[in-house]
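Novice: Starting off with a structure, shown below.
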Amino acid sequence: MDDKALIDTAVRALDMKKGENIRVIKVADLTIITDYFIIVEAGSTTHTRALADDVEYQLKRHLGIDPEKIEGNAASGWMIIDYGSVLIHVFERKTREFYSLERLWQDGEYIDISDILLKGPLKTISGSPQDNKV
């Protein structure tokens, strides 16, 4: 799987669902766990679940991939969606502040995602989103 396509699709999906303060950090030179972190903030437990569900759905729909694992749940304030080379962290605001992954991984390379956000929302493949369920 092409990391750039995965990151592009995930960031656009998270932005489309109103995820806030989206960050992409390259950590490949710092750990063997993964190559990239995508970190996003949600306003509530419902929003946390919606972001996690939609990014999973969009990556399946557009790239045909499923996560290797999903950890946590919306009630805990933190969900991790594991795509191997990319880990997506969906946090509620307070939980993100508490764990402060950006501080812990400050030696990582922050990836500029402004060009991804300028592309706008993901396109519907055909018909309504309900027609495109995988």
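The values are calculated or read from the model by the stated rules, or taken from the named source; none is laboratory data. Every value quoted in this text rests on a predicted model; they were computed, and no experiment measured them. Quick reminder, even Gly has a Cβ in these numbers, built from the backbone with ideal geometry, and neighbours come from all protein chains shown.
Novice: Hey, does region 57-64 have a residue that's within 27 Å of Asp107 (Cα to Cα) and of a type in the set (Phe, Trp, Tyr)? Walk me through it before giving the result.
Specialist: Step one: list which residues in region 57-64 are within 27 Å of Asp107 (Cα to Cα), which gives none.
No, because not a single residue in region 57-64 is within 27 Å of Asp107 (Cα to Cα) and of a type in the set (Phe, Trp, Tyr).
Novice: Of the residues that sit in region 7-40 and are in contact (Cβ under 8 Å) with a residue 60 or more places away in the chain and among the small types (Gly, Ala, Ser), which one is surrounded by the most Cβ atoms within 10 Å (Cβ to Cβ)?
Specialist: The extreme case among them is Ala10.
Novice: Also, quick follow-up: Among the candidates Gly64, Gly72, Gly43, which residue alone is over 16 Å from Val11 (Cα atoms), loosely packed, with under 12 Cβ neighbours inside 10 Å and of a type in the set (Gly, Ala, Ser)?
Specialist: On the way: Gly72 fails: loosely packed, with under 12 Cβ neighbours inside 10 Å; Gly43 fails: loosely packed, with under 12 Cβ neighbours inside 10 Å.
Answer to the check: Gly64.
Novice: Tell me, which residue of region 87-133 that is under 22 Å from His47 (Cα atoms), assigned to a loop (DSSP other than H, G, I, E, B) and in contact with a helix residue (DSSP H, G or I) (Cβ under 6 Å, 6 or more places away or on another chain) is modelled with the lowest pLDDT?
Specialist: My answer is Pro121.
Novice: Among the strands (runs of 3 or more DSSP E) contained in region 18-86, which hold 3 or more residues that are under 12 Å from the mean Cα position of the chain (by Cα) and either closer than 21 Å to Asp3 by Cα or aromatic (Phe, Trp, Tyr) (or both)?
Specialist: Per the criteria, 20-26, 36-42, 78-82.
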